[in-house]
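Following: one structure in structure tokens, then a few remarks.
The values are calculated or read from the model by the stated rules, or taken from the named source; none is laboratory data. Bear in mind the structure is a predicted one, so any value in this text is a computation, not a measurement. When we count neighbours, we look across all protein chains shown, and the Cβ atoms used for this are built from the backbone with ideal geometry, even at glycine. Quick note on the areas: whole protein, heavy atoms, side chains included, nothing else; ligands and nucleic acids left out. Shrake-Rupley method; radii C 1.70, N 1.55, O 1.52, S 1.80 Å.
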Amino acid sequence: MTQKQEDESYMRHALELAKKGGGDVNPNPQVGAVIVKNGEIIGEGYHEHFGDLHAERNAFKNCTSSAKGATIYVTLEPCAHTGHQPPCYEAIIEHEIKRVVIGSFDPNPLVSGKGLEALRAVGIEVVGPVLEEECKAINHIFFHYIETKLPYVMLKYAMTLDGKIATYTGASKWITGEQARKKVHQDRSRFMAIMVGVGTVIADNPELTSRIENGKNPIRIICDTHLRTPINSKIVSTAREIPTIIATAEDSAEKRKPYLEANCEILQLSTKNGEISLQELVKKCGAKAIDSILIEGGASLNAAALEAGIVQKVQAYIAPKIFGGKTAKTAVAGQGVAQPDQAYLFKTPEISILGEDILLESEIKSCSREL
């Protein structure tokens with residue numbers, strides 16, 4: 001095995017470790033680390049929870065022998081600033097590591113290149129990036145948030161082969177099968193927040209929780225311009241257990257009072273075309289360190305989010321069935337574009353098969369709207 005092949009093999013292992021962090025590390029990145037000495041792994045670890053030990057320090061903690069003279073593989077360059085944890089490059093120097101292989105650079109100006117410079121200054125060899133695209137892919141949320149200070153927004157919906165998200169009566173349970181619904185709950189656990197419109201709350205009375213083992217419930221954001229969310233809804237009644245934000249233009253203290261008493265947070269927003277400004281909403285979410293939002297609203301919110309230019313990615317679950325009906329709802333409402341060349345354009349989608357259903361995931365190519 002060549003050195004390049006060996007480096008890639010250990011980095012793949014570090015990547016698999018990094019993925020275990022999932023949504024538990026938000027708004028920090030997912031990072032994995034592997035320590036190798038004399039051709040054997042002597043320590044490994046990953047960033048498990050926000051505020052806890054970083055991947056490198058977990059790997060050192062788990063070492064079975066001295067790391068002196070070893071190589072450490074890290075999916076993201078070692079941090080170089082003090083936050084909830086001290087700088088990781090210092091631990092690498094303290095343990096007398098000989099060689100550091102990184103998977104990707106960190107765009108955070110508090111980190112970018114500084115730790116690597118410190119390592120080189122004491123004679124430690126730095127190699128990489130290795131498997132850069134794969135390492136960057138697991139942290140696309142982190143990179144987007146660090147670079148823009150705005151949450152990464154993914155728009156998700158499930159539809160039939162004829163593009164319907166409900167029948168003409170409004171019934172929508174269930175369009176997709178069990179495997180697809182499990183994937184949805186995994187994503188709810190991975191994203192920091194979930195967003196719906198008040199229409200969805202009134203129609204479906206959802207809980208918007210992650211119903212998987214060891215799942216992490218996202219912060220719930222309700223877009224409710226005129227504060228119509230039912231006080232007895234599941235979302236309001238569980239606001240003491242799960243952080244809940246109601247984004248509204250309503251400034252009446254009397255109308256707000258029962259929501260505040262139920263422990264909901266009220267986020268005051270301006271309006272645009274009679275509805276709350278979604279651009280203002282994502283800016284305020286970014287300021288609150290909410291790094292990612294999963295939109296699971298209806299056709300109206302989907303259209304508004306695209307029109308506002310806040311969407312980075314679309315997830316479309318497609319079930320092998322047809323509802324038909326000219327009044328049955330489609331995934332995106334609103335007026336729509338006037339000409340085909342005005343369509344929202346997306347990159348080549350990733351395609352997954354989940355039971356009988358198909359999942360298409362694609363990032364938006366560009367958006368002319370300024371946030």
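When the chain is treated as a Gaussian network with alpha carbon springs shorter than 10 Å, the biggest mean-square fluctuation among TYR157, TYR73, TYR168 belongs to TYR168.
Selection among ALA299, CYS285, SER362 by position relative to the dipole of the chain gives ALA299 as farthest towards the positive end (Cβ unit charges, Cα centre). Rolling a 1.4 Å probe over the protein heavy atoms of the chain, with every protein chain left in place, gives an accessible area that is 49 percent carbon and sulfur. Shape summary: the stretch 160-311 maps onto an equivalent ellipsoid whose semi-axes, from the alpha-carbon gyration tensor, are 24, 18, 16 Å in decreasing order. Over the chain, accessible surface divided per residue gives 49 Å², non-protein components excluded, 1.4 Å probe.
Past 25 Å, Cα to Cα: identify those pairs from LYS20/LYS313; LYS234/LYS255; LYS183/LYS272, in the order given. From LYS20/LYS313; LYS234/LYS255; LYS183/LYS272, over 25 Å: LYS183/LYS272. Around the Cα centre of the stretch 104-148, unit charges on the Cβ atoms of Lys, Arg, Asp and Glu (plus for the first two, minus for the last two) sum to a dipole of about 160 debye.
Taking each of LYS216/LYS347; LYS19/LYS284; LYS4/LYS98 in turn, the alpha-carbon distance tops 25 angstrom for LYS216/LYS347; LYS19/LYS284. Close amide H contacts of ILE219 (hydrogens built in the peptide plane, cut-off under 5 Å, sequence separation of 5 or more or a different chain): ALA193, ILE194. Answer rounded, prolate or oblate for the stretch 1-140, using the Cα gyration tensor with square roots of eigenvalues a ≥ b ≥ c: rounded when a/c is under 1.5, else prolate when a/b is larger than b/c, else oblate. Because its axes are fairly even, with a/c under 1.5, the stretch 1-140 counts as rounded.
Each Lys and Arg adds +1 at its Cβ and each Asp and Glu adds -1 at its Cβ; summed about the Cα centre, the chain shows a dipole of about 820 debye.
Sparse packing (at most 11 other Cβ atoms within 10 Å of the Cβ) combined with a DSSP loop state is found for the following GluC sites (Glu not before Pro) in the stretch 218-318: GLU241. Each DSSP beta bridge with both residues in the chain is either parallel or antiparallel, and the antiparallel ones are about 40%.
When Cα extents along the principal axes in Å is calculated for this entry, the matching label among [x] 68, 47, 39; [y] 54, 49, 45; [z] 75, 52, 39 is [x].
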